[in-house]
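Each remark here refers to the structure printed beneath this line.
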Amino acid sequence: MNGTKKLSLEDLRKVAIKTQLPEAFGIDIVEVGEESLTAQLTVDSRHLRPGNIMNGGVSLVLIETVGSFSSYLSLDSERQNAFGIQVTANHLSIARPGDVLLAKSTAVHIGKTTQIWDVNITNQNQKLVSSGRITMLVTDLPIK
C-alpha cells in the first residue's frame, strides 16, 4: 500500500486480528499487495442462515473488514484513523459450508479525507459470490 508504514503480513495479523472480530468470524488475512489486500474465510456453522447457506451479512463483514484493513495500511496510524461510512454489496451466488472464500480489495480512490475500496468475494472455484464497495472516512486522531 502507499502508506507511511510497511507492515508484513505477520505484523498485520498480530496488530489487528487477535481477539477481534476477524478471529471470531474465522477471517484470515492471506496477502497484502501494493493497493490490495486479500482475506480468506472458510464457511462453517457460524456463517449460516436457514437453508444451510451463508448469510449475506457475512459478505458485508468481509467487505468491511478487508476495506478497513486496506485503509489502515494506507494511513499514518500514529496520526490518523479511518471509519467505514458506507458499505454496499450485491450477492451474486450462494456459499455453503466448506466453501473457501477469498475477499480481495482494490483501491478506487485514496484521498486525504475519504477512501473507496472495491471488494470482490470469490469461492474456491473462482465464482463471484459477492461484489461490494466501502467508503472510508479518514480522520485525524485526537492529540493527547
If a residue must be over 17 Å from SER68 (Cβ atoms) and not hydrophobic (A, V, I, L, M, F, W, C), how many such residues does region 82-111 contain?
7
Counted residues, region 85-103 - those being under 14 Å from MET136 (Cβ atoms) and surrounded by 18 or more Cβ atoms within 10 Å (Cβ to Cβ)
1
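Only residues that are buried (at least 17 other Cβ atoms within 10 Å of the Cβ) and assigned to a loop (DSSP other than H, G, I, E, B): list them for region 56-76, please. So that I can check it myself, show each step before the final result.
We begin by selecting, within region 56-76, every residue buried (at least 17 other Cβ atoms within 10 Å of the Cβ); these are 58-75.
Matches in region 56-76: SER74, LEU75.
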Which pairs turn up if I take residues in region 104-131 that are under 24 Å from GLY56 (Cβ atoms) and surrounded by fewer than 18 Cβ atoms within 10 Å (Cβ to Cβ) and look for partners that are at pLDDT below 95 and polar (S, T, N, Q) with beta carbon separation below 8 Å, at least 6 apart in sequence or on another chain?
THR106/SER36
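On the given criteria, is ASN81 among the polar types (S, T, N, Q) and farther than 18 Å from TRP117 by Cα? Spell out the reasoning first.
Details: among the polar types (S, T, N, Q): yes; farther than 18 Å from TRP117 by Cα: no.
Considered against the rule, which asks whether it is among the polar types (S, T, N, Q) and farther than 18 Å from TRP117 by Cα, ASN81 comes out as no.
The values are calculated or read from the model by the stated rules, or taken from the named source; none is laboratory data. Predicted, not measured: the structure shown is a model, and the values here were computed from it. Ideal geometry is used to build each Cβ from the backbone, glycine not excepted, and the neighbour counts take in all protein chains shown.
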